[in-house]
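The values are calculated or read from the model by the stated rules, or taken from the named source; none is laboratory data. Computed from a predicted model, the values in this text were never measured in an experiment. Don't worry about glycine lacking a Cβ; one is built from the backbone with ideal geometry, like all the others, and counts go over all protein chains shown.
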Ligand code: G6P
Ligand code: MN
């Protein structure tokens, strides 16, 4: 049985991940779960809920809650990382500062994601170093920390040999919705996909060897990438902003006749339309703080008071996916999953060392990317521009370079002019005083 540490134990996602672990104990046996967070208060609020979830399924799993890295990682076999540097308060800034300049306000796409990257890369590297110091030598870090594309590139640059697998649940959430549309379990889908994290295209969606993408596109053209009840199976994606995100790909899809775009492409390809419908005074961060976060804290308080735990946290593909990936790493299952991985020729006309998102077989030694071939010039160019923006942001972080940060902001397709880039960057420097390296 494994020792698993969850870094970012105080996250609103932790109970859902642990619940997913509990229903998979036969596939992924656990001796101990450790929660690790630098925010003790937050983690201590959520820990009793997590403990209850564990005890409902197992009396024997040891449960440890700590803010001490050695206690957290000593001898660990797996670390699930989900850090949010600056928490929701800073996410709110990431979203609201660009919006004040008429630019998309989103936590991973656009200036918000770049700002979040500048906060996260160095702490992520610190976490990797702590894990490498204390954990089992064969330990894997499965990393959900956002902005995933930038974090992955930062890790590749700074810790190229670390055993870190960077993942995102957006592709698998999209596949859940595809399954609902087609009336098949998402595990039966085999997809081809090329791109960067939050920036790519599905090119094949096979069910028993047959490509069902054309049929899917017909549904998406009319209703978006969701069904009436698909969203409802997962409370997160039933929130108004998520329903909108799934629906909103209709207008851009028409322009990619042969593919199905990742919904996040709406932020890059129709930013004016997005901004027109965003509220600069109430963004997704507010929705999450007023919704998911409040509900979980209220549930924790009620559990403390009454001993009864209301079902207030979300389980769904987010938790299920990280457990799937961990199983494949642990037992060399070579399952095919969409993950973020060094290109190594998988996308023939992108740089060999770019961190791309493609299907990969997950072995005990890590992901083996599947060849997706060369992509059309238009897509390649969009990808190269986004990649340059992300890579410059990583270099800005490492070198403390204002110029490179400005270039990163300027190259981002959500940002219309260099003046916008500069105004937003300068405001963000102020807001991120406690978090960014000096630029
Ligand atoms: C999906 C994306 C993540 C993103 C999250 C935001 O899961 O893949 O990258 O962070 O949505 O969700 P939230 O509910 O916090 O807005
Ligand atoms: Mn993601």
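Given 133, 206, which one is modelled with pLDDT of 95 or more, surrounded by fewer than 24 Cβ atoms within 10 Å (Cβ to Cβ), under 23 Å from residue 6 (Cβ atoms) and away from ligand 1 (no atom under 16 Å from the Cβ)? None of the others qualify; the one that does is 133. Of all residues in the range 232-252, none satisfies being surrounded by 22 or more Cβ atoms within 10 Å (Cβ to Cβ) and away from ligand 2 (no atom under 16 Å from the Cβ). When you look at residue 150, is it over 14 Å from the mean Cα position of the chain (by Cα) and either within 16 Å of ligand 1 (Cβ to nearest atom) or at negative phi (or both), yes or no? The answer is no for residue 150. Summed over the range 256-300, the residues that are at pLDDT below 90 and either closer than 19 Å to residue 103 by Cα or in contact with a strand residue (DSSP E or B) (Cβ under 9 Å, 6 or more places away or on another chain) (or both) give a count of 2. Answer yes or no as to whether residue 330 is touching a residue at least 24 places away in the same chain (Cβ under 8 Å), under 21 Å from residue 172 (Cβ atoms) and in a helix (DSSP H, G or I). So residue 330 passes the test.
Condition check ((1) in contact (Cβ under 8 Å) with a residue 60 or more places away in the chain; (2) surrounded by 12 or more Cβ atoms within 10 Å (Cβ to Cβ); (3) within 12 Å of ligand 1 (Cβ to nearest atom)) across all residues:
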{"site": "264", "(1), (2), (3)": "yes, yes, yes"}
{"site": "268", "(1), (2), (3)": "yes, yes, no"}
{"site": "271", "(1), (2), (3)": "yes, yes, no"}
{"site": "285", "(1), (2), (3)": "yes, yes, yes"}
{"site": "294", "(1), (2), (3)": "no, yes, no"}
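On inspection, residue 176 fails the criterion of being in contact with a helix residue (DSSP H, G or I) (Cβ under 8 Å, 6 or more places away or on another chain), away from ligand 2 (no atom under 16 Å from the Cβ), over 26 Å from residue 402 (Cβ atoms) and modelled with pLDDT under 95. Scan the range 25-46 for residues that are farther than 13 Å from residue 80 by Cβ and either out of contact with any strand residue (DSSP E or B) (no Cβ under 7 Å at 6 or more places or on another chain) or surrounded by fewer than 21 Cβ atoms within 10 Å (Cβ to Cβ) (or both) and report the count. The number of residues fulfilling the criteria is 14. Checked against (1) out of contact with any helix residue (DSSP H, G or I) (no Cβ under 6 Å at 6 or more places or on another chain); (2) farther than 27 Å from residue 235 by Cβ; (3) in a loop (DSSP other than H, G, I, E, B), residue 359 meets all criteria but (3). Just wondering, is there one or more residues in the range 186-197 that are in contact with a helix residue (DSSP H, G or I) (Cβ under 6 Å, 6 or more places away or on another chain), away from ligand 2 (no atom under 16 Å from the Cβ) and at pLDDT below 95? Yes - at least one qualifying residue is present in the range 186-197. Here the condition is being in contact with a strand residue (DSSP E or B) (Cβ under 7 Å, 6 or more places away or on another chain), within 16 Å of ligand 1 (Cβ to nearest atom) and more than 22 Å from residue 269 (Cβ to Cβ); of 196, 182, 165, 189, it holds for 165 alone. Of the residues in the range 103-112, at least one is crowded, with 23+ Cβ neighbours inside 10 Å, free of Cβ contacts under 8 Å to residues at least 40 places away in the same chain, more than 19 Å from residue 11 (Cα to Cα) and within 16 Å of ligand 1 (Cβ to nearest atom). When the range 325-371 is filtered for residues that are closer than 18 Å to residue 159 by Cβ, under 21 Å from the mean Cα position of the chain (by Cα) and surrounded by fewer than 16 Cβ atoms within 10 Å (Cβ to Cβ), only 353 remains.
State yes or no: is residue 127 closer than 20 Å to residue 436 by Cβ, touching a residue at least 12 places away in the same chain (Cβ under 8 Å), away from ligand 1 (no atom under 16 Å from the Cβ) and crowded, with 21+ Cβ neighbours inside 10 Å? When the stated conditions are applied, residue 127 passes them. If you go through the range 136-147 and keep only what is in contact with a strand residue (DSSP E or B) (Cβ under 7 Å, 6 or more places away or on another chain) and within 16 Å of ligand 1 (Cβ to nearest atom), you end up with 142, 143, 144, 145.
Of all positions in the range 11-31, none carries a residue that is part of a helix (DSSP H, G or I), at pLDDT 95 or above and farther than 16 Å from residue 322 by Cα. Against the conditions (1) within 16 Å of ligand 2 (Cβ to nearest atom); (2) out of contact with any strand residue (DSSP E or B) (no Cβ under 7 Å at 6 or more places or on another chain); (3) part of a helix (DSSP H, G or I), residue 325 satisfies every one except (2).
Confirm whether residue 247 is modelled with pLDDT of 95 or more, within 24 Å of the chain's Cα centre (by Cα), within 16 Å of ligand 1 (Cβ to nearest atom) and under 30 Å from residue 101 (Cβ atoms). When the stated conditions are applied, residue 247 does not pass them.
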